[in-house]
Amino acid sequence: MIEHLVFFLEGPSEKDFLQGIWPTVMPAHITPHFQVFQGKQDLEKQLVRRMKYWLKPNSRFIVMRDQDSADCADIKARLRRLCDEAGQPAAVIRIACRELESFFVGDWAAIAAGFGKPALAAQAKKAKYRTPDELGNPAEEIKRHLPSYQKREGARKIAPHLKTVNNKSPSFRVLMQTLEDMAKG
């Protein structure tokens, strides 16, 4: 049985996002732990050491980072090698295509609810937002409609309102399915 779910994250906005969705997807007996790094390079540099020396029993690991402009398969292969080197071949790797904000653009109703601007929900009808994982810069798309948008504030405000069933981001749905499967044991 899983008691600890340990996330290895490239930055603090991913932690804010996960803390926002946690109560809706995970049972109370699983404790989240967040290993937050200062970017992708720092994550890859320290991953093996931190994962290898994690000592709490009944722990599972998820490594999560943005794809940005890199090749997703290359990123996953590199992270897989690091997890194997750390002695955790069962660690799960999840990539946000292109970045965390793809999850948000996949659910404009959540953005509207998070920022108290109901009119933003209508953005979901626009063709370019129907495939958020293919947008070059989803954070910039949000800023077009919310000029004061900041990554951490956005993650904190939007995450509690995200719904898997409504979200058009395949990478978000895969992450949520992973969490739901882990919650079931």
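Odds and ends about this structure:
- Centre-to-centre, using Cα atoms only, the stretch 1-76 and the stretch 90-125 are separated by 19 Å.
- Take 8-18, 53-63 and order them by the average number of nearby Cβ atoms within 10 Å per residue, most first; the result is 8-18, 53-63.
- FRET E, pair M1, T24, Förster distance 22 Å, beta-carbon r, rounded to 0.05: 0.60
- Here is the tail figure for the stretch 138-185: Cα pairs spaced more than 16 Å apart come to 53 percent of all pairs.
- Amide H contacts of I62 (H built 1.01 Å from N, under 5 Å, at least 5 apart or other chain): V6, F7, F8, V92
- Aspartates and glutamates whose Cα lies under 20 Å from that of K143, excluding same-chain neighbours fewer than 8 positions away: E14, D16, D66, D68, E99, E101, D107, D133, E134, E153
- Accessible surface of the stretch 1-68, 1.4 Å probe: 50 percent of it comes from carbon and sulfur atoms.
- Surface per residue (accessible, 1.4 Å probe) for the chain, Å²: 49
- Partners for K52 among lysines (Cα-Cα distance below 22 Å; same-chain residues under 8 apart left out): K15, K40, K76
- The stretch 1-147: proportion of alpha-carbon pairs further apart than 26 angstrom, %: 32
- Hypothetical label at A70: residues of the stretch 26-49 whose amide nitrogen lies under 14 Å (7 Å Cα-Cβ projection): 37-48
- Proximal charge balance of L162 [Cβ under 13 Å; K/R count +1, D/E count -1]: +2
The values are calculated or read from the model by the stated rules, or taken from the named source; none is laboratory data. None of the values given here were measured: they were computed from a predicted structure. In this analysis, Cβ positions are derived from the backbone assuming ideal geometry, glycine residues included, and neighbour counts consider all displayed protein chains. To get the accessible areas, we keep the full protein, side chains included, count just its heavy atoms, and leave off ligands, DNA and RNA. Shrake-Rupley method; radii C 1.70, N 1.55, O 1.52, S 1.80 Å.
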